Number of protein chains: 4
Amino acid sequence: MRAASVSDYRELARRRLPNIFFEYIDGGSYAEVTLRRNVEDLEAIALRQRVMRDMTQLDMSVQTLGQTLKMPVGLAPVGMAGMYGRRGETQAIRAATAAGVPFCLSTVGVCSIEEVAATGTPPWFQLYMLKDRGYMRELLARAKAAGCPVLVFTVDLPLPGSRYRDIRSGFTGSTPLKAAMTQALDGITHPGWTWDVFVNGRPHTLGSVQAAVKEGRRVTDFLAWIARNFDRSVTWKDIDWVRENWEGPIVVKGVLDVEDARDVVRAGAQGLVVSNHGGRQLDGVRSSISVLPAIADAVGGDLDVFMDGGVRSGLDVLKALALGAKACFVGRAWAWALGAGGQPAIERMLDTLRAELAVAMTLTGCNNARDAGRTLLDNG
Amino acid sequence: MRAASVSDYRELARRRLPNIFFEYIDGGSYAEVTLRRNVEDLEAIALRQRVMRDMTQLDMSVQTLGQTLKMPVGLAPVGMAGMYGRRGETQAIRAATAAGVPFCLSTVGVCSIEEVAATGTPPWFQLYMLKDRGYMRELLARAKAAGCPVLVFTVDLPLPGSRYRDIRSGFTGSTPLKAAMTQALDGITHPGWTWDVFVNGRPHTLGSVQAAVKEGRRVTDFLAWIARNFDRSVTWKDIDWVRENWEGPIVVKGVLDVEDARDVVRAGAQGLVVSNHGGRQLDGVRSSISVLPAIADAVGGDLDVFMDGGVRSGLDVLKALALGAKACFVGRAWAWALGAGGQPAIERMLDTLRAELAVAMTLTGCNNARDAGRTLLDNG
Amino acid sequence: MRAASVSDYRELARRRLPNIFFEYIDGGSYAEVTLRRNVEDLEAIALRQRVMRDMTQLDMSVQTLGQTLKMPVGLAPVGMAGMYGRRGETQAIRAATAAGVPFCLSTVGVCSIEEVAATGTPPWFQLYMLKDRGYMRELLARAKAAGCPVLVFTVDLPLPGSRYRDIRSGFTGSTPLKAAMTQALDGITHPGWTWDVFVNGRPHTLGSVQAAVKEGRRVTDFLAWIARNFDRSVTWKDIDWVRENWEGPIVVKGVLDVEDARDVVRAGAQGLVVSNHGGRQLDGVRSSISVLPAIADAVGGDLDVFMDGGVRSGLDVLKALALGAKACFVGRAWAWALGAGGQPAIERMLDTLRAELAVAMTLTGCNNARDAGRTLLDNG
Amino acid sequence: MRAASVSDYRELARRRLPNIFFEYIDGGSYAEVTLRRNVEDLEAIALRQRVMRDMTQLDMSVQTLGQTLKMPVGLAPVGMAGMYGRRGETQAIRAATAAGVPFCLSTVGVCSIEEVAATGTPPWFQLYMLKDRGYMRELLARAKAAGCPVLVFTVDLPLPGSRYRDIRSGFTGSTPLKAAMTQALDGITHPGWTWDVFVNGRPHTLGSVQAAVKEGRRVTDFLAWIARNFDRSVTWKDIDWVRENWEGPIVVKGVLDVEDARDVVRAGAQGLVVSNHGGRQLDGVRSSISVLPAIADAVGGDLDVFMDGGVRSGLDVLKALALGAKACFVGRAWAWALGAGGQPAIERMLDTLRAELAVAMTLTGCNNARDAGRTLLDNG
Ligand SMILES: Cc1cc2nc3c(=O)[nH]c(=O)nc-3n(C[C@H](O)[C@H](O)[C@H](O)COP(=O)(O)O)c2cc1C
Ligand SMILES: Cc1cc2nc3c(=O)[nH]c(=O)nc-3n(C[C@H](O)[C@H](O)[C@H](O)COP(=O)(O)O)c2cc1C
Ligand SMILES: Cc1cc2nc3c(=O)[nH]c(=O)nc-3n(C[C@H](O)[C@H](O)[C@H](O)COP(=O)(O)O)c2cc1C
Ligand SMILES: Cc1cc2nc3c(=O)[nH]c(=O)nc-3n(C[C@H](O)[C@H](O)[C@H](O)COP(=O)(O)O)c2cc1C
């Protein structure tokens, strides 16, 4: 199959990855209501077609946090990417850099901050608040040393939500690593993945936090570790603590409520991501795109508002921009592409987003991504 | 399959139980419109995610009718549970007690009041109004003697609704017991159930009412008996009669209308259950969750308002609380778990509800189940 | 399969009837949008459950056009019923009479007015306006002679709509009879039907109009004949002509619009049927139930308003009554039952409707069908 | 299968055509949201049934742009029709002429303007704005010389949208012709098509533009050529240029917005087609039928408003007329019929539309297509 769209990379990933990892990427929490809402609410938005405008000039670049993105898209933090492709995080940042867009490394990436930065581009770094503040300080210092330009602080995971698919597939913190891996290798044989990742993609540890995850140091131990080390007591005051240890811009990820958004401003962050963690945390919350406009209206003048969740095409990107986002992040889109074919597949996937965004801008008469606003939509 | 959710217990019960019983539990009346509405209307409600709140303290206990429930959940009265697991009602009350929640014994349980109370915990007792008032008086006396703390008086069954699935599967009052059992044993073999329930789970009578059901004394005779003995002439005045014979708290189960709810208050009951009998009586009525808010607004100050119908996760529990319920009852959830794996499965199912409720409270910023209100919901 | 519901008779008819006839009964015109709307709009209406009312008295009889119906249901005119069961119209009227409800004979019935009346009960007679007024006069005289109490004048068939299923199955006026019958007999063998209808159910002519249908005198010739003989020029004035030739009550069938309903009153009819011909004429019009309230409000004081279209249970009957209908007609429900098992099946189907209506009345607290009104519904 | 409806021709085309061409006709761009909206929004509109009106006179002809159409339908420009049937454009114009409706030849037809005009009827000619103005001038001169009465100027393709199905099937501009054809011939054998089109339907070039498409002169080269030669810089001013080179009426095709519609009037065109290119360009825009009323209200007095997109029956045609269209165009409907059975199938398809329109007019009481207005619809 020639991949024509993001959904095609999903299909290819389904074929290539061990089921346990495909389900982990693909699934959402509980009954996956929010996961579906993310996609369906974007789909329901109507673009407004305009014709006969001179569209020879088309500028899709945006400025944010001191950087220029060649298009208003970024790769969202995705845990354990090194299990979907050999040293997955390094492949992803190479593809992102080639496309002129940022890559955000997850706290629980397989590759460490240093390994990713060694590609020549320091990543944005995503941080979960951990109980061990000493370790936190160390992490921030490493991110700074590696030259990470932006810190993304994820706030919607004070405790892990429950993903039924992972429990069913046996992919939980309490599963011994060996059992999980055996399961991954069993069943349908996945020779491509086995050679690429299992044999040649080692070590399978969580690069940045391996020093903290004492008990097993292997990828599948991290969920048990999260359950114990994530910090339910964190409040806006802790942002002050983070700021003391980080000079660059801070983006708060996982905001769905206008009141929380106002608190983000108050806490002094430079950006926020309207996000429900891709429908992977509290199922039943609203889609990101449906709450975006109110949040952008409330705080868009004070900081940069991003969004993620359900973005599957360049058309979706334009819809998000029209509703107030500075740029979008994609999570599953790149994780699927990585699983489907590594860096080249992520590059092609980003090409597809760009081409789709070009069509969408051209036929809505939008010459400049920076000017995208609600007039690009047709509210009937 | 590892059961990750209530729906997984359903799937396991489908495999383990004779079809005739699975369909009896699973089905609703007529075209099952209300059954679907119960589930879909809960699903459509959006929780409001809040972040960065100190969630170290999380109290999900509630006080009601002189008891403390460790979480705001109870096991609804379900008829003939002893056919889904060996002496099913006793297994269920043990699981409920372990979890600190109440179990309500059905009038038409396989185990009698006395057998259930002999586990050490007297159950709440559910009563249908029967024509034979002498027998009624006797039943109430037995419940009192056994120490039942609460009487649940079910009012939405003046006559049985029609469940197409049961008619199709031959599970009706007019079917001779032998034929029904033969059918249960035939078809696909269900060795687990046969050994557990059919061989070792006897006697298969309706413990509490067997003295009244003269004609056959076996489980499947009860439907015919219901049709003859249930009382269409019962009105609010009959509650007075019940009160004369019962000193403890009375909960009226099966209320869907604000005017009826006001009558419950007038009749002097201590609680009511917003319920459509799990979509098993009058198909086409509204979902329980959709009528809950108006009823809670109208009478929530006068008595304790509970709800049941469609609750399939701890997220659903929080939604019901947010809309005014003191606590939720689950019917099919525990009947499926019982069929899937007896007491241990019910315990795990209750653990799952608790864990899900914890996530939901944490991510909506609700530290205390008693404070749950409409601000936990996002109405767009 | 034990038939529990109207939809079960459909399934049984599908198995027993030659495909060409099953599709003819089952189908609607064009994309079958209106057919679906009829059923779905009824389903979407919510009944309002009321409890604790003394329901020992339950009266479902209604008075209309000088008759008492034991329940508010009638058998709608259905063409060619004699092809779905041996002398089908006579079987149907016997079942209807046993249940105390009216049977309306179609202009294009297989059994003639006289053959049906010979059962002891003269049917209501449904008339299409034909071009040949001489023949019309003769028909009316025969209906009068046979003692038909009511004339139902169908006005929504000035020309036949197109039923894609019939064109696909070859069941059209232009098909030679032999080809159609061969097709009916071929394919899957239908031995029950063949013996019952094909061998023993003759003659296969349109009893009442065979004198007019010159060219072939067999059932399948009638569609071509309709196309030529139905009268597009008929207007309200023609009702005057009918009234001159008919002394009894006249019911106009096929009204969907308030303005047309007012014209029915002006034309002096005693009743009207809100109907879209079961979604078999102009696809895309609204469901009968959705237009019923406005029509009942406008003319319910002047004549008796009936409805048909999508009624599949006794619950649906109560919904229609609540929205202003005096009684409902069922078309497919009895045609399916006839195809499934002749008169006994129609009797059981009517029993089912009655039992369902009893549950619906009991649980909405409606003691008397004559009092059914909008308070029985819950509009949220 | 006897084709009863437009959707049946689709099914027949699926069987007869090589998959690559069937998908090309059938598909829409991206997730095909707009494609579905076109059909579903038409379906959701309710016609208003009226009865007892004298419908002996039924006039479905309309006057537009100096022509009389026997019914308010035209064949929309469809590229490469000569690949779906032998010299497909000539078959289509013969069918259209027989039915008294216009055929519009696509810029990228297989048959040239001259070959189509040689059937005796000069086609309407559809033009895309190309970069090479010299060639444009030549094309317009040829259209004039051939006697084309109307110029249709398509404005919604400043660049090609992305059709995932075509990318997946390999039908893109970058595919070498041989590979595409091999694919078309392979897989399932399509002997009818192979003989009719592949062997006897040559040459497979784009008749009207072959002089411009230098590189390959074969059908599948055109997409690559479009990508390079279509003109993103075209604005309303370019209409002036066109008008200098064309004296007859100009119709602007591809308008979805009221403001754009006003610009069409200002630019001096005689007509416009409300169209989203059949959901083949910018996915996510609204359906044609949903924007038609506002556009007809705004500019219907100044020029003739047509619509296309999702029209699948004569009922749809009447809905469009009721909402302000002078006439409808059908694209896939005739392309499917051509693929299914050539000119005779297109003729039968047009007969079906006419018969359906007759039923719709009769049962809405509309004697004259010119009078169709919003009173024919029922807005509930
Ligand atoms: C497999 C997977 C792992 C993820 N891991 C993280 C993570 O470690 N940190 C984080 O902040 N978000 C994580 N997310 C959430 C993403 O950053 C992002 O919010 C989400 O994927 C956006 O929705 P989308 O997948 O529909 O694009 C993860 C998402 C997925 C699918
Ligand atoms: C198999 C089954 C048997 C039931 N038997 C009784 C009963 O004997 N008495 C009663 O009051 N309710 C009975 N109910 C209704 C339940 O108490 C409860 O109202 C309903 O199951 C709640 O809906 P849920 O199943 O969606 O949780 C029964 C429900 C089921 C599923
Ligand atoms: C097979 C069939 C034949 C019918 N023939 C007639 C008829 O001859 N005359 C008539 O007035 N209505 C006829 N109708 C319409 C019915 O009288 C009635 O309006 C319709 O069936 C009601 O919808 P329902 O089938 O959903 O109950 C026919 C309906 C069906 C299904
Ligand atoms: C296979 C195909 C090819 C088309 N080619 C052209 C074309 O060359 N020029 C054009 O203006 N429109 C073209 N269209 C769009 C049609 O003219 C028309 O707008 C559309 O098909 C209407 O939607 P419908 O297919 O639902 O009727 C094409 C459509 C299809 C399906």
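Solvent-accessible surface, computed for protein heavy atoms with a probe of 1.4 Å, shrinks by 50 Å² or more for the following residues of region A:271-286 when the other protein chains are added to the isolated chain: A:Leu282, A:Arg286.
Interface area, chains D and C: about 2900 Å² of buried accessible surface, summed, with a 1.4 Å probe and ligands, DNA and RNA left out. Ranked from largest to smallest solvent-accessible area, with a 1.4 Å probe on the protein heavy atoms, C:Ile93, C:Ile45 come out as C:Ile45, C:Ile93. Count Lys and Arg as plus one, Asp and Glu as minus one, and take only other residues whose Cβ is under 11 Å from that of B:Cys104; the net charge is then -1. Between the helical axis of B:332-364 and the longest alpha-carbon principal axis of chain B there is an angle of about 10 degrees. Across region C:1-157, Cα pairs under 8 Å and at least six residues apart give a relative contact order of 15 percent. Summing Cβ point charges (Lys, Arg +1; Asp, Glu -1) relative to the Cα centre of the protein assembly as shown gives a dipole of roughly 2680 debye.
In nanometres and ascending order, the distances from the C:Gly100 label point to those of the other copies are 5.9, 5.9, 8.3 (point 7 Å from Cα along Cα→Cβ).
Rounded to the nearest 5, the antiparallel percentage of DSSP beta bridges internal to region D:6-366 is 15%. Comparing the full protein assembly with the isolated chain (1.4 Å probe, heavy atoms, ligands and nucleic acids excluded), the residues of region B:143-167 losing at least 40 square angstrom of accessible area are B:Val155, B:Leu159, B:Tyr164, B:Ile167.
At 1.4 Å probe size, with the rest of the protein present, what percent of the exposed accessible area of chain A is carbon and sulfur atoms?
Answer for chain A is 49 percent, counting heavy atoms of protein chains only.
Pairs with C-alpha atoms separated by more than 31 Å, drawn from the list D:Lys253/D:Lys319; B:Lys253/B:Lys319; A:Lys144/A:Lys326; A:Lys326/D:Lys131; A:Lys319/D:Lys326, are A:Lys326/D:Lys131; A:Lys319/D:Lys326. Distances between equivalent label points of D:Arg266 across the copies, with each point positioned 7 Å along Cα→Cβ, amount to 4.9, 4.9, 6.9 nm, shortest listed first.
Remark: region C:6-366 carries 32 Å² of accessible area per residue (probe radius 1.4 Å; ligands, DNA and RNA excluded).
Taking the Cα centre of region B:246-380 as origin and assigning +1 to Lys and Arg Cβ atoms and -1 to Asp and Glu Cβ atoms, the resulting dipole is close to 260 debye.
For the peptides D:312-319, A:63-70, residues were scored by their other Cβ atoms within 10 Å and the scores averaged per peptide; the highest-first order is D:312-319, A:63-70.
Counting only DSSP H runs of at least 4 residues, each contributing -39500 (n - 2.57), and dividing by the residue count of chain C, the helix-based mean residue ellipticity at 222 nm comes to -12500 deg cm²/dmol. The angle separating the long axis of helix B:6-16 from the principal Cα axis of greatest extent in chain B is about 20 degrees. By a 1.4 Å probe calculation restricted to protein chains, C:Glu23 has an accessible surface near 40 Å², given to the nearest 10. Between identical copies, the spacing of C:Trp241 label points, each set 7 Å from Cα toward the C-beta atom, reads 6.6, 6.6, 9.3 nm from nearest to farthest.
For C:Trp241 and D:Glu11, the FRET efficiency from 1/(1 + (r/R0)^6), where r spans their Cβ atoms and R0 equals 56 Å, is about 0.75. The relative contact order of chain C, computed from alpha carbon pairs under 8 Å that lie at least 6 residues apart in sequence, is 29 percent. For D:Val258, the shell of other residues with beta-carbons less than 14 Å away shows a net charge of -2, using +1 for Lys and Arg and -1 for Asp and Glu. Buried on complex formation within region D:25-49 (loss of at least 20 square angstrom of accessible surface versus the isolated chain, 1.4 Å probe, ligands and nucleic acids ignored): D:Tyr30, D:Val33, D:Arg37, D:Glu43, D:Ala46, D:Leu47, D:Arg48, D:Gln49.
Give, as a single signed number, the net charge of other residues whose beta carbon lies under 11 Å from the beta carbon of B:Val155, with Lys and Arg counted +1 and Asp and Glu -1. Kindly include the intermediate steps, with their values, before the conclusion.
Values: positive: B:Lys253, C:Arg50, C:Arg53; negative: B:Asp156, B:Asp231, B:Asp238, B:Asp260, B:Asp263.
Every neighbour counted, the sum reads -2.
The values are calculated or read from the model by the stated rules, or taken from the named source; none is laboratory data. Please read these numbers as outputs of a predicted model, since none were measured by experiment. Virtual Cβ from ideal backbone geometry, glycine too; neighbours counted across all protein chains shown. With ligands, DNA and RNA removed, areas are computed over all heavy atoms of the protein, side chains included. Shrake-Rupley method; radii C 1.70, N 1.55, O 1.52, S 1.80 Å.
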